[in-house]
Amino acid sequence: MVSMRDRSCSRTKNCNENHENDLNYALEMSRWLLKPLGVWSFVYQRASKLERVFSVPLQITCFSCLLFVIIPSAYNMFFVEEDIKNIVKLLGPVEFCTFSTIKYFILGAKGNILGRCIKHLEKDWKTVEDPYHRAIMLKQVSISRFLITVCVVFLYSGGMSYHTVVQFLSKGRSNTNVTMRPIAYPCFNFLDIQSSPTYEIVFFVHCISALVQYTITSAGYSFAAVFAMHICGQIQIQITRLDELIDENEKKCTFHDRISVIIRDHAEVVRFSKEVDEALREICLAEIVESTLSMCLLEYYCLTEWENSDMISILTYFMLLVSFTFIIFIFCYVGEILSEQCSRMGPASYDVQWYNIPPREAHNLILVNAIALYPPKFTAGKIMDLSIPTFGTVVKTSVIYLNLLRTFA
């Protein structure tokens, strides 16, 4: 049986000597993504003064790069371009940039509640003492880091290929008789982008804007992965405690003490889940809408480039399609696994040898079972739950929009 010594540990006492290293390991990838955006100092209360000073110019730079893409592209789409195919071709990148800007605002506005969630993580890492429980938490951190890594690799490789490789090597660029230096987005009319050094500057700003967009998407995703996997780890710890609840070798704590710790920590996990949902629900809603539209447009681009036999563009668009599909799948997956893990508390409390417990003590298990009947969920703007059926709905909706787009375009 695993020792239950951490139950006697105060919730304010530092039981884990390695809690700072563990917390840094859990938040490392989120910190890497948020620092370049200038948002880390908003969500982490112990950020250094230097980070707080540099956060404002970083935010101004990121926001300016996003507007440098959105404003001239929107003007070109609505007032200049007349060919519907060119408008549709431009709609995907502009839509992604617009939603990235919205998510950027949300990350800044939710700084306080995200900071409270990080503080809760810090408290959990401080108060874990049992090495087995700490190993469970570290395993969940490893899973979240793997998911974030895969997301970043797909998103950055596919996105930067669109801004570099496709612009120079696709057939749509090379078959023209007029020598034109390619660019990913339309630019302001008063700029002569074909002359140097204007072209190089605009091209560089567009690439920086792309990196900002992918970093924003990855940052929101990283919080969802880190928080959801942490909650799953805490639930697994409570299930482990339930499994060892009837331990004749445990003499340090009475049954009442042990069950009270389980109920208290389970209630904290449920409250933390609701707080995470409140922090991420707007980002999840933006991600649902954005992924549905992006998947639809990318499917259309793949079909269009297939007709043009442009393998470079096909591979790039397909990689982006896989990236957006993977991202929305993981958002839905972490919501699904969160509800599933929290629901396991009910069967786990039933599997306890409750028939060997005095009836008055066994009644305490009813509370655990009752809470497990209503597991916490991640939602997209409190409109829909994040689950595997929701992912199926997003995919089907994107295909429906694709059929409409092919009909009109």
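The values are calculated or read from the model by the stated rules, or taken from the named source; none is laboratory data. Everything numeric in this text was worked out from a predicted model, so none of it was measured. Every residue, glycine among them, receives a Cβ derived from its backbone with ideal geometry; neighbour counts consider all protein chains shown. Surface areas here come from the heavy atoms of the whole protein model, side chains and all, with no ligands, DNA or RNA. Shrake-Rupley method; radii C 1.70, N 1.55, O 1.52, S 1.80 Å.
So the values come out like this:
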| item | result |
| --- | --- |
| Most mobile listed residue (Ile87, Ile357, Ile60) in the chain, GNM with C-alpha springs under 10 Å | Ile357 |
| Apportionment of accessible area to carbon and sulfur, the stretch 258-405, percent (1.4 Å) | 65 percent |
| Label assignment, Rg/Rh (Cα atoms, Kirkwood Rh) derived from the structure, set (i) 1.07; (ii) 1.03; (iii) 0.96 | (i) |
| C-alpha center-to-center spacing [the stretch 118-165, the stretch 292-355] in angstrom | 17 Å |
| Mean Cα-pair separation over length for the chain, i.e. relative contact order, pairs under 8 Å, 6 or more apart, % | 22 percent |
| Computed accessible area, Arg46, all protein chains, 1.4 angstrom probe, square angstrom | 130 Å² |
| Residue among Phe99, Phe391, Phe188 with the largest mean-square fluctuation in a Gaussian network model of the chain, springs linking Cα atoms under 10 Å | Phe188 |
| Cα-centre dipole for the chain with unit charges at Cβ (Lys and Arg positive, Asp and Glu negative), debye to 20 | 740 debye |
| Sites Met311 and Lys123, calculated FRET efficiency, Cβ-Cβ separation with R0 56 Å, nearest 0.05 | 0.60 |
| Accessible heavy-atom area order of Thr292, Thr149, Thr325, highest first, probe of 1.4 Å | Thr149, Thr325, Thr292 |
| Over the chain: helical MRE at 222 nm, DSSP H runs n ≥ 4 each giving -39500 (n - 2.57), nearest 500 | -26000 deg cm²/dmol |
| Largest to smallest accessible area among Leu58, Leu367 [probe 1.4 Å] | Leu367, Leu58 |
| Relative contact order of the stretch 73-199, defined on C-alpha pairs under 8 angstrom at six or more residues apart (%) | 22 percent |
| Kyte-Doolittle mean at least 1.6 and Cα axial length at least 30 Å: DSSP H helices in the chain | 311-343 |
| Sequence of Arg134, Arg281, Arg264 when ordered by accessible area, the most exposed leading, probe 1.4 angstrom | Arg264, Arg134, Arg281 |
| Thr198 accessible area, 1.4 Å probe, all protein chains in place, Å² to nearest 10 | 40 Å² |
| Violating pairs (Cα-Cα greater than 20 angstrom) within the set Lys35/Lys103; Lys119/Lys274; Lys123/Lys377; Lys123/Lys382; Lys35/Lys110 | Lys123/Lys377; Lys123/Lys382 |
| Cut-off under 5 Å, modelled amide H: who pairs with Thr379 long-range | Leu386 |
